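To start, the structure under review is shown below, and the notes come after it.
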Amino acid sequence: MGRADARRARQGSARRAKRKQTEPKQQKSFIRRLFSWKKILGTVLGLILLGMLGFIGLYLYVEIPDKSNKDAAKQSNVFQYADGSMLARDGTINREVVRLAQVPKKVQYTFVAAENKTFFHDSGVDLFGTARGILNTLMGHGKQGGSTITQQYVKNYYLSDEQTVSRKLQEIIISLKVDDKYTKSQILEGYINTSYYGRGAYGIQAAAKAYYQKDAKDLSVSQGAYLASLLQAPSQYDWSTATPTGKKLVKNRWAYTLNNMVEMHWLSKEKRDELLQRFPKPKQPQAAPGVTGQKGYLITEAKKELFAQGVDEKEFAAGGWTVRLGIQPKKQKALEASVKRKLLDDLDKKKRKVDRDAQLGAASVDPKTGHIVAMYGGAGQSEHWTNNATREDYQAASTFKPLILASALENDSTTQDKLPITPSTIYDGRNRRPVVGGDKPFAPPNEDEHEYGKITVQTATNNSVNSVFAQMGADVGLDKVKETAVKLGMNGKKMDVQPAMTLGTMGASPVQMAGAYATFDNHGRKVTPALVVSAEHNQEKVDLRKPIGEPVLDRKTADTVTKVLTGVVNDGTASQSVKNTAYEAAGKTGTSDDDKSAWFVGYTPKLVTAVGMFGEDTKAGGAQVTLKGTGGGGRVNGGTYPAIVWADYTRAALGDNTGDTFDLEDADMGIPQTPTPTPSATPSATPSPSGTPSGTPSRTPTPTGPPTPSGRPSESTDPSPSDSGFPDGGTTGGDTTTGGTTGGDTTGDTTRGPGGGSGKNGLSDFN
C-alpha cells in the first residue's frame, strides 16, 4: 500500500468514528428487557420452588378430617320382620353400609375396572387428570373427571361436590394422606358405600336392593359391572328411565368395565365373552318400604324399646342400624285381618258417632320366647298417633282378677275363717256384700245386681263376681296384691292401694296384660314382652334385655291360675264367643266403668294375646267415652268384640298347630266343696241402711245367645245383658247417685258403702 492509500484509509476511519460519535444510541424495547430468557428461566424456577414450598406447607397444614360430612354419615335404619324380610326403612338417606368382605371379590374388581384400573398401585392421586380438572374448572367448563377412586372417596366422605381450586387442592392432599394411612381395601369399602347409584340409593347394598332386589353379597359379576357403570351418570344410565342413547352408553360402559377386567387379569376372555351375550337388565323400581298402616306403630315402639335400653337417640338418628323385630308376617297379617273382619267391617263412622270413638289395641306374645309376634295399634299413626297396644290410660277391669287369685295362692292366703284360698274355696257371692277385714268400707255391686250366694272361687272367676274378689283382695292384703301385680309386669305407679283396685281400676296396656298372662302360661317364669329381637350397628350387636326372666310365681300357682282360667273359656263369660275352638285355651274377660273399655286376654300353650277396646272421643281431646252402641248393637263388653277378635285371630295364627294342651300337672284345685244352695229371690235395688244386702239371693241370668256371624253382638231383650249370656258383663244402669247397676267386669258407676252413702264414677268415694 502507498502513502496515498494509507492516508485515505486513515481519513475514512476518522470519518466513521466521527459519525459514530454524532449518531444517537439505540435503546432495547421494554418487552425485550422484561422477557429476557434469563428472567423467564428464573421466574419459572421461582414459581416451581414457590409451588413446592406451598404444597409442602399445605400438606403439613391440611389434615384428614376427624368427621365425615353430614350426608356421608347418614344412613337409613333397616327394620326387619322375625324372618329377616324387610319391614321398613327409616331415615332420610337410603344407605346401608356393608363390609367389603360381604361383596364378592370379582364384584369389587368391577368398580376398580370401571373407575381406576391402577387403583391398587397408585398413590391415590392422578396428577395429570387432576391438573386437567383444575384447568377446566378455571376455564368455567364445569365438573370434570380424572379423579382416582381414593379422590372420589375423599370427596364423598369428607368433602363436598363444590367445584373450586381450593377444594380440589384439599382433595389432593387428603387423598395422599388417606392413601398413606389406610389400606386399599378400606378405601374401596368406603368408596362403594358412599357413592350414589341413582334411585335414591347410596352405597352398594341399597343399590343392589334398588336395582336387583337382592343383597350385595348375592350380586353377579355382570350385575356388579352395571352398578359400577352407573356411577358415571346414575340418572342417565338407569335402564328403567334411560333414553335409547343412555341405554347405548351404559351398555358401552358396562362392556368397557368387563374388558378392563380382562386386561387386568381379573376375568377370563371366555367368561367376558359369555357375559357380553346377555346384558343384566335391572328390575323396575319399587317404592321404598314405608311406614303406613301398623308399621308406624311398630317402628316407633321399637325405637322406644331401644332408647330405654341405652341406645343413644342421636346415634340412632344418624342411621346404619339393622333392627329385627319378633313380628311374624303371617301372624301380623292374621291379626290385622281379624280386626277388620270382626270389628271394622261392622263400623259405620259416618252414621254413628260411637263408631268413630271405638279404638282397638292388641298384642300377641310367644310365651316361650317373650317376643311380640303381632301387634295392632289402631288405624295408623297418620290417623291415630297413640298406639292402642301400649297405652296405659284405660282400666284393666276384671282382667285383673286372676292376679288377685295368683297373689292369694302365692302367699298361702286364707279366708276370714282361716281356710286356705284355692279354686274350690267357698265365698259369699251376695250382691253388695260389705267386705270384711278391709281397711276401708267397701261393698261393690255385682253385675246387674246379681245374687250368687255361696259359690266356689272357680265359679266366681267364671262369672267374674265382684263381691268375691273384693273380699279375696282384703283376705290377701292389698299391698301383697299390688306386689304380685308389679312382679307380673303391671305399672305400680298407676295402682292405688285402695279396695277398688280389686275391680281393676288401674290403667294397663294390652302389652302389659299379655305379659302377665304369658307368665301364667310359662309356669311362673317372668315374661316381659319384647318387640325387638336384635339390633346391630356397624356389625356390632347391642346387648338387649332378655324377655324371659327368673320365676316370679311358683309353678303350682301359675298352673293353678291357668287351670281356673280354662273354665272362663269353657263355661264362663267368654264361652259363647270362643266356643268350638280346636285348641285348649284359657282367658279372662273384662269391662270397665260405663263400658269405656272392654277386654279379653286369652292364651293357648303357644300363644298369648290381649285384645282391648277403648272408647275415645278424639274430637274432645281424647276423652274417655262409652262404647255402648258400637257397631249398631247394645253393650260392648269383654265377651263380645274383644273375645270374638281374639278367637278369630288365634284360630288363624295357630293354623294346623292346634293340638297342644296345657301342662298343668302342678295345678292344685283344692279340696272339692259343695256350696249350700241359696233360695232364689228378686234382688233388691237398694241395700239396707247398714249397707248389707236385705236377703237378696241369687238369680240366673238370661242368656243372650252367641254373637251374630258378622261379629256384632246379638240384640237382647234383657236391658242389661251380660258378656255373651254370662254374668260377667260390664255395664252400668246410669251415672247417678241413686241408681244404676254395674257389671262383674266393671268398676261400677255407683257404689254404696255401709251406711248408704254413694259415690260416682269408678268408686271415687273410696279412692
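Bear in mind these aren't lab numbers, they're just calculated from the coordinates by the rules spelled out. If you're wondering where the values come from, they're calculated on a predicted model, not measured in any experiment. Backbone-built Cβ (ideal geometry, glycine too); neighbour counts: all protein chains shown.
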Here the Kirkwood hydrodynamic radius of the range 516-674, Cα-based and in Å, equals 17.6
Here the net charge surrounding Phe79, from other residues whose Cβ is less than 9 Å away from its Cβ (Lys, Arg +1; Asp, Glu -1), is +2
The aspartates and glutamates whose Cα lies under 17 Å from the Cα of Lys350, excluding any fewer than 8 residues away in the same chain, are Glu383, Glu616, Asp617
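In this model, which of Lys105/Lys184; Lys295/Lys526; Lys340/Lys487 are farther than 24 Å apart at the alpha-carbon?
On the way: Lys105/Lys184 14 Å; Lys295/Lys526 28 Å; Lys340/Lys487 34 Å.
Pairs exceeding the cut-off: Lys295/Lys526; Lys340/Lys487.
Does the range 190-230 come out rounded, prolate or oblate by the C-alpha gyration tensor, with a ≥ b ≥ c the root eigenvalues, rounded set by a/c under 1.5 and, if not, prolate when a/b is larger than b/c and oblate if not? Could you put the intermediate results ahead of the total?
Working: a/c = 1.42, a/b = 1.27, b/c = 1.12.
Taking the square roots of the gyration eigenvalues as a ≥ b ≥ c, the range 190-230 is rounded.
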The distance between the Cα centres of the range 589-623 and the range 292-320, in whole Å, is 26
Filtered hits (lysines, Cα-Cα < 16 Å from Lys248, offset >= 8 within chain) -> Lys281
Gyration tensor on Cα atoms of the range 520-575, a ≥ b ≥ c root eigenvalues, a/c under 1.5 rounded, else prolate if a/b beats b/c, else oblate, says oblate
A correct Karplus calculation of ³J(HN,Hα) over the range 186-197, with 6.51 cos²θ - 1.76 cosθ + 1.60, θ = phi - 60°, whole Hz and x for Gly and Pro, returns 5, 5, 5, 4, x, 5, 6, 8, 10, 6, 9, 10
The range 461-540 and the range 391-454 have their Cα centres apart by a whole-number Å value of 16
Going from the fewest other Cβ atoms within 10 Å to the most, one would list His265, His371 as His265, His371
With DSSP loop assignment and no more than 13 other C-beta atoms within 10 Å, the trypsin sites (Lys or Arg not before Pro) in the range 572-615 are Lys579
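For the range 370-493, rounded, prolate or oblate, judged on the Cα gyration tensor with a ≥ b ≥ c (square roots of eigenvalues), a/c < 1.5 rounded, else prolate if a/b > b/c? Walk me through the numbers on the way to the answer.
Values: a/c = 2.32, a/b = 1.82, b/c = 1.27.
It is prolate, given that a/c is not under 1.5 and a/b is the larger ratio.
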Whole-Hz Karplus couplings 3J(HN,Hα) for the range 438-453, θ = phi - 60° and coefficients 6.51, -1.76, 1.60, Gly and Pro as x, run x, 6, 9, x, 7, 9, x, x, 7, 4, 6, 6, 5, 9, 10, x
Highest mean packing first, using Cβ neighbours within 10 angstrom, the peptides 656-668, 637-649 sort as 637-649, 656-668
Checking the range 151-235 for GluC sites (Glu not before Pro) in a loop per DSSP with at most 12 other beta-carbon atoms within 10 Å yields Glu162
Filtered hits (aspartates and glutamates, Cα-Cα < 12 Å from Lys304, offset >= 8 within chain) -> Asp312, Glu313
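What is the fewest-to-most order of Tyr211, Tyr603 by other Cβ atoms lying within 10 Å of their Cβ? Don't jump to the answer; show the numbers that get you there.
Working: Tyr211 26, Tyr603 29.
Fewest-to-most Cβ neighbours within 10 Å comes out as Tyr211, Tyr603.
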